[in-house]
Amino acid sequence: MAAKLRIALIEPSQIVRTGLEASLSSFGAKFQVLWSFSSISHFTSFSDEIDPDIIVVNPALFDQTGAEKVKTAINNPRDARIVAFAYSIISESLKRQFSAVLSIYDTPSEIAMSIERVFQKEIDDNELIQSGYTPHPVEYDLSDREKEVLVSVAKGFTNKEIAGIHNISVHTVISHRKNIVRKTGIKSVSGLTVYSLLNGLIEQ
Amino acid sequence: MREFYSGSEKMASLVNGSYKTIKILSRLGIKPGFGENSVSEVCQSNAVSPYIFLSICNVSDFHDYKPNVEGVKNKEVSDLVRYLRLSHNEFINKDIPSVEFCISKITSSEGANPKHSDILKHFFEEYREELESHFNYEEKTVFPYVTGILSGVRKEGFSIEKFEENHTNIEAKLSDLKNILLKYLPAGYPSDVVYEVLAKLYILEEEFENHAHIEDRLLVPLVAHLEKTGEIIKNGR
């Protein structure tokens, strides 16, 4: 798993800052709010010493006309993603300058998901492919024959019918079914149907 | 190996040794604050039969436990029926809704594939209906039959043996759901919620298994004994 995302907050309201810190820290494994600042100048005075992955900032601290660019207003030498945390509507030209815009009415999990999404693409491109990690292995360990039998089971055929369809003995069907249950851990026909649908072995 | 629980041991040490008894205490309405009191003392001061409390704990924790059915009293069997009904209520009104809430968080999450979400929701829906009809049968048919016997009336055309024969397994599909989420859920779902629901499913599966043991290994032998020995008026209907 990737390291925790390091977050810097720039938010004038102490109570909102505390709330954001607490909410993001409740997703303990994902985020670390390491730095909090009450103003952009406060942040700038430290920006050479810190290396956040994400800067969460109140967009009200910027020029709404978008004339002064967020990237120039914030000294951001390590190119952290900049995410807005807005209490109210912000102008389109300002909005475009952020990687994401969070709202004060978002739930903590919505905020966490939006922040993660900012990084998702990068993680997909780098780490996962490099480590050869595929989150959803399609070719488990079912043999082709077992998959065929599974499809027939999911379609609701009896053992005898399945034996006829695949031209094998009922005994063989039973032994395939035993192996399917052993490998997947799924016993009920409706559970096996869910398995087949999730894996695209059959269509709804 | 440990001996079965007995009425003379301290209630607090029984719970310390097997924390799952907390659920049993809670369902039987036994209040905490045990001090140094024994199991029998605590049960008696809470108007619960120590025999039933101990039998439920023993069936739950020891697979080779066989209850002593001789001399069982009506009050004890009715305590047991009350316990089973409270368990049903807890499963249907508390545990299943909390699993359902997690499932809906999963299926409505940002990364969810609507097709997959429908399949999961449908599977869970189907399971809940199955569960409800399983409990319904016990509530409408089995328990009234038992309370009938307790009041000396035996309904014809039914026996507790019949219940035992047809007692279906309710945890198999739960275990399937667990394995589907654990092994085969496609990427993109919120893993914190998936783990949360998995933890609930493991506990619930164990609870269901236990519940079935109590019905099969305690209720059935007790009622079978009453069928043989109790003074029963046969009832045509």
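The equivalent ellipsoid of region A:5-130 has semi-axes of 21, 17, 16 Å, largest first, where each one is the square root of 5 times an eigenvalue of the Cα gyration tensor. Taking B:22, A:15, B:170 and ordering them by how much accessible surface each has at a 1.4 Å probe, largest first, produces A:15, B:22, B:170.
Chain A and chain B together bury an accessible surface of about 1800 square angstrom, both sides counted, with a 1.4 Å probe and no ligands or nucleic acids included. Dividing the mean sequence gap of close Cα pairs (under 8 Å, 6+ apart) by how many residues chain B holds gives a relative contact order of 24 percent. Magnitude of the charge dipole for region A:5-130, about its Cα centre and with charges confined to Cβ atoms of Lys, Arg (+1) and Asp, Glu (-1), is about 200 debye.
Which residues of region A:161-204 show a drop of at least 30 Å² in accessible area when all protein chains are present, compared with their chain alone (probe radius 1.4 Å, heavy atoms only, ligands and nucleic acids excluded)? Output list: A:184, A:185, A:186, A:187, A:188, A:190, A:194, A:197, A:198, A:204.
Computed on the Cα atoms alone, the convex hull of region A:144-198 gives a volume of 68 cubic angstrom per residue. For residue A:31, nonlocal amide neighbours, meaning residues 5 or more places apart or on other chains whose placed amide H falls under 5 Å from its own, are A:5.
Karplus-derived 3J(HN,Hα) values for region A:14-21, using 6.51 cos²θ - 1.76 cosθ + 1.60 with θ = phi - 60°, are 5, 6, 5, 4, 4, x, 5, 4 Hz; glycine and proline are entered as x.
Residues whose amide H falls under 5 Å from that of residue A:82, counting only those 5 or more places apart or on a different chain, are A:55, A:99, with hydrogens built in the peptide plane.
When both region A:63-86 and region B:1-40 are represented by their alpha-carbon centers, they are found 62 Å apart.
Estimated from helices alone, the mean residue ellipticity of chain B at 222 nm is -19000 deg cm²/dmol (sum of -39500 (n - 2.57) over DSSP H runs with n ≥ 4, per residue).
Its relative contact order, with pairs defined as Cα atoms under 8 Å and 6+ residues apart, puts region B:11-61 at 36 percent. Evaluating kT/(6 pi eta Rh) at 10 °C and 1.306 mPa s, with the Kirkwood radius of region B:11-61 over Cα pairs in the Stokes-Einstein relation, gives 148 µm² s⁻¹. Accessible surface calculations at 1.4 Å, restricted to protein heavy atoms, place region B:11-61 at 44 Å² per residue. Taking the square roots of five times each eigenvalue of the Cα gyration tensor of chain B, the equivalent ellipsoid has semi-axes of 36, 24, 14 Å, listed largest first. With the whole protein complex present, residue B:83 retains an accessible surface near 10 Å², based on a 1.4 Å probe. Pop out the carbon and sulfur fraction of the accessible area of chain B as a percent, whole number, probe 1.4 Å. Carbon and sulfur: 52 percent of the exposed surface of chain B.
Contact order for chain A, expressed relative to its length and based on alpha carbon pairs under 8 Å spaced 6+ residues apart, stands at 14 percent. The charge dipole of the protein assembly as shown, taken about its Cα centre with unit charges on the Cβ of Lys, Arg, Asp and Glu (plus for the first two, minus for the last two), comes to roughly 660 debye. The accessible area of residue B:110, taken with all protein chains in place and a 1.4 Å probe, comes to roughly 120 Å². The charge dipole of region B:1-73, taken about the Cα centre with unit charges on the Cβ atoms of Lys, Arg (+1) and Asp, Glu (-1), comes to about 300 debye, rounded to the nearest 20.
For residue A:10, the amide hydrogen comes within under 5 Å of the amide hydrogens of A:37, A:56, A:57, A:58, counting only partners 5 or more places away or on other chains and with H modelled in the peptide plane. Compactness of the protein assembly as shown was expressed as the Cα radius of gyration divided by 2.2 N^0.38 Å, which yields 1.33. Using the 1.4 Å probe convention, the accessible area of region A:38-99 works out to 52 Å² per residue with neighbouring protein chains retained. The calculated 222 nm mean residue ellipticity attributable to helices in chain A amounts to -12500 deg cm²/dmol, summing -39500 (n - 2.57) over DSSP H runs of n ≥ 4 and dividing by all residues.
Selection among B:170, A:22, B:104 by position relative to the dipole of the protein assembly as shown gives B:170 as farthest towards the positive end (Cβ unit charges, Cα centre). Figure note: B:135, B:158 ranked by solvent-accessible area, largest first, 1.4 Å probe, ligands and nucleic acids not counted: B:158, B:135. Cα centroids of region A:22-41 and region B:146-176: 56 Å apart. Across region B:10-26, coupling constants 3J(HN,Hα) worked out from phi with the 6.51/-1.76/1.60 Karplus curve, θ = phi - 60°, read 6, 4, 4, 6, 4, 5, 4, x, 8, 5, 5, 5, 3, 4, 5, 4, 5 Hz, and Gly and Pro carry x. 3J(HN,Hα) along region B:88-104: 3, 4, 5, 4, 6, 9, 10, 5, 5, x, 6, 5, 4, 4, 5, 4, 6 Hz, from the Karplus curve 6.51 cos²θ - 1.76 cosθ + 1.60 with θ = phi - 60°, whole Hz, x for Gly and Pro.
The values are calculated or read from the model by the stated rules, or taken from the named source; none is laboratory data. The structure displayed is predicted, hence computed values, not measured ones. FYI the Cβ positions are ideal-geometry reconstructions off the backbone, even for glycines, and counts take in every protein chain you see. The protein model used for the area step is the full one, side chains on, heavy atoms only, and it has no ligands, DNA or RNA in it. Shrake-Rupley method; radii C 1.70, N 1.55, O 1.52, S 1.80 Å.
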